[in-house]
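Reviewing the structure listed below.
The values are calculated or read from the model by the stated rules, or taken from the named source; none is laboratory data. Here the structure is a predicted model, which is why all the values come from computation and not from measurement. Please note: Cβ atoms are built from the backbone with ideal geometry, for glycine as well, and neighbour counts cover all protein chains shown.
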Amino acid sequence: MDVRISPSRVRGTARAPPSKSYTHRAILAAGYADGAVVRNPLFSADTRATARAVEAYGGATERTDDDLEVEGFEGDPATPEDVIDCANSGTTMRLTTATGALVDGLAVLTGDDSLRSRPQGPLLEALEQLDASADSTRANGQAPLVVGGGIGGGSVRIPGDVSSQYITGLLMAGAVTEGGVEIDLTTALKSAPYVDITLEVLDDFGVEAAVLGGDDSDIRSSGADGFRVEGGQTYAPEGGEYHVPGDFSSMSYLLAAGALAAEDELVVEGAHPSAQGDSAIVDVLERMGADVEWDREAGRITVGRSDLEGIEVGVADTPDLLPTIAVLGAAAEGTTRITDCEHVRLKETDRVAAMASELSKLGVDVDEYEDELVVHGGDIDGATVEGYDDHRIVMSLAVAALVADGETRIEGAEHVDVSFPDFFDVLADLGVALEGTDT
């Protein structure tokens, strides 16, 4: 599906969807338990992939209204009867590959073209250090993956600068091994807030895990030397249920839309504080000069259209914000320099190159470097742009279209289903002039 968007003002109130990161972890944690009700999860293409993986390992899931009831496999995953299709979800693959290492037989995990090109080698090597069988069928560290044989726990060395999801998968699986797992990071950890999300979910399910070293900052995992999770633990959330918070990654597009195109003000609900690093979007907007207020107790952020100025932003811990910040920089006065972004090239697509390419099509002056994206603000022209089968590229370009000179056509817009299925409906409700067309 393509979407055509005309320059528009936005107004009113919107609610962010539930967090994709928390939903993935909560569904899998409920799978490791004997079961739980996941309240208000995100129902999307990616999270459905994690639910399918839980079912493949012997669990069961059933949607009831806005909740997901999960029957777990009680820390003892069964050998899957078929290949696990992770579709486009890298989180599903990395978290449930570690689950697969626990089975007595072998589990086979694969996904779409994009997912089969993403790096899994460091995770496979870590599982081998725990005496699991862990192979890439093409011997290139990419899916399809074959894992299994069972693990009893132990120590692993793994880089922290490729994907924090490796750490999450090992911690979640390590809690149900006999001896537990200790993780020694061989490089600095990128995307540390995502490991904090994991630690928060583990704690809510009654599982204890420790950070080794660290910076003693608000982000527990920042500067960590490693992590440890004791074995023999049981997943059991209080009251048998877990509530998923709102998603700041998805919220960033709404807040950016308000800062660029609010007629009066835009109110975004569901913004309660959590371990999500992407809440940093509020600080980014403030630094750029946006009129933004966050009532943390009420979970409401109010933002108004503002004259923005370019800034320098590092995204080592917030890679998913790069497309949003790039669009804000395109509409700002001066230059916005996004640094520490080499690992952002390893997402659903190379998001650094994708944003450089598509913003250029919109008439924006962009410089691309290996670890930096430099956006020179100015006028944005309407054009036909590509979504790269990537939800975050599509949504950020939709925000840019609000203030473009002329209509913008976004190809492959249906991929918002990965994290924000109702995105275009929400924009329309806020007053955006848009039209979808089948291709």
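General remarks:
- Candidates A331, A326 - the one that is more than 23 Å from S19 (Cβ to Cβ) and surrounded by 21 or more Cβ atoms within 10 Å (Cβ to Cβ): A331
- Residues of segment 133-153 that turn out to be more than 27 Å from the chain's Cα centre (by Cα) and either crowded, with 17+ Cβ neighbours inside 10 Å or at negative phi (or both), as a count: 5
- Scope segment 294-314; condition out of contact with any Asp or Glu (no Cβ under 9 Å at 6 or more places or on another chain) and free of Cβ contacts under 8 Å to residues at least 12 places away in the same chain; matching residues: D295, E297
- In the condition set (1) closer than 30 Å to G160 by Cβ; (2) charged (D, E, K, R); (3) touching a Ser or Thr at 6+ places or on another chain (Cβ under 6 Å), D367 is compliant with all but (3).
- Lone unmet requirement of (1) touching a helix residue (DSSP H, G or I) at 6+ places or on another chain (Cβ under 9 Å); (2) under 30 Å from D264 (Cβ atoms) for E333: (1)
- Residues in segment 361-402 that are of a type in the set (G, A, S), surrounded by fewer than 23 Cβ atoms within 10 Å (Cβ to Cβ) and under 30 Å from P17 (Cα atoms): G377, G382, A383.
- The listed residue being surrounded by 16 or more Cβ atoms within 10 Å (Cβ to Cβ), touching a residue at least 60 places away in the same chain (Cβ under 8 Å) and among the hydrophobic types (A, V, I, L, M, F, W, C), out of A51, A36: A36
- Residue in segment 396-406 that is touching a strand residue (DSSP E or B) at 6+ places or on another chain (Cβ under 8 Å), of a type outside the set (A, V, I, L, M, F, W, C), assigned to a strand (DSSP E or B) and in the same structural domain as A332 (by TED's automatic domain parsing) present: yes
- Matching residues in segment 355-380 - criterion: being among the acidic types (D, E) and under 26 Å from the mean Cα position of the chain (by Cα): E358, D367, E368, E370, D371, E372
- So S155, is it closer than 24 Å to V315 by Cα, of a type outside the set (D, E) and not in a helix (DSSP H, G or I): no
- Counted residues, segment 195-214 - those being at negative phi and assigned to a loop (DSSP other than H, G, I, E, B): 3
- Selection within segment 407-439 - touching a Ser or Thr at 6+ places or on another chain (Cβ under 9 Å) and in a strand (DSSP E or B): T408, R409, I410, E411, L434, E435
- The strands (runs of 3 or more DSSP E) falling completely within segment 1-112 that include 3 or more residues that are more than 24 Å from the chain's Cα centre (by Cα) and not assigned by TED's automatic domain parsing to the domain that holds L170 map to 10-15.
- Count of segment 309-330 residues, restricted to those that are more than 14 Å from the chain's Cα centre (by Cα), of a type in the set (V, I, T) and assigned to a loop (DSSP other than H, G, I, E, B), is 1.
- Hits in segment 171-211 - residues which are small (G, A, S) and either closer than 16 Å to Y235 by Cα or surrounded by fewer than 22 Cβ atoms within 10 Å (Cβ to Cβ) (or both): A173, G174, A175, G179, G180, A188, G206, A209, A210
- Any chance L124 is assigned by TED's automatic domain parsing to the domain that holds V83, more than 20 Å from P80 (Cα to Cα) and not hydroxyl-bearing (S, T, Y): no
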